[in-house]
Amino acid sequence: MNAPLPTSASRRHASAARPAVVKLGGSVVRAGTLNGWLDVIADAQRPIVLVPGGGALADEVRDCQRQLGFGDVTAHRMALLAMDQLAWAIAGMRPGYEVGTAVEDLCATLQRGLIAVWAPPRWSRTGRISKRRGG
């Protein structure tokens, strides 16, 4: 089930097609079905951009927000970090899955016949956090 992803000619030819964007929410991690979904995605005959949710990591952010009282802006930035972490976990679980943050990165990955895994770009996690309690 964890065999290397083939970079077949069909997938390379498919890279010229518009990619399908697949969002895998955190529920697939909690349900223990992530590996099965990664198998299905690996078998796809068209280019795929995978967008992972934050999974249990994002759930922990929400729990910490309730417990510690930080605002929604901070929680959102932390949830984006959780998405980033799950993107790297997925790429580390399987050969043929490669993380990218920019459109150019994702396109280059698809051109090589690999699965592109989107991680939120650093600019979406930076900036000034409001000093008021809601920030």
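Observations, loosely collected:
- Cα gyration tensor, segment 9-125 - rounded (a/c under 1.5), prolate or oblate: prolate
- In a DSSP loop and with at most 15 other Cβ atoms within 10 Å, the trypsin sites (Lys or Arg not before Pro) in segment 21-119 are R112.
- Fully extending the segment from S27 to A108 would add 26.2 nm, taking 0.36 nm per residue of separation and subtracting the current Cα-Cα distance.
- Alpha-carbon centroids, segment 50-72 and segment 96-117: separation in whole Å: 26
Each value in this text was obtained by applying a stated rule to the coordinates, not by laboratory testing. This structure is a prediction, so every number in the text was calculated from the model and none was measured. Cβ coordinates were reconstructed from backbone atoms using ideal geometry, including for glycine residues, and neighbour counts include every protein chain displayed.
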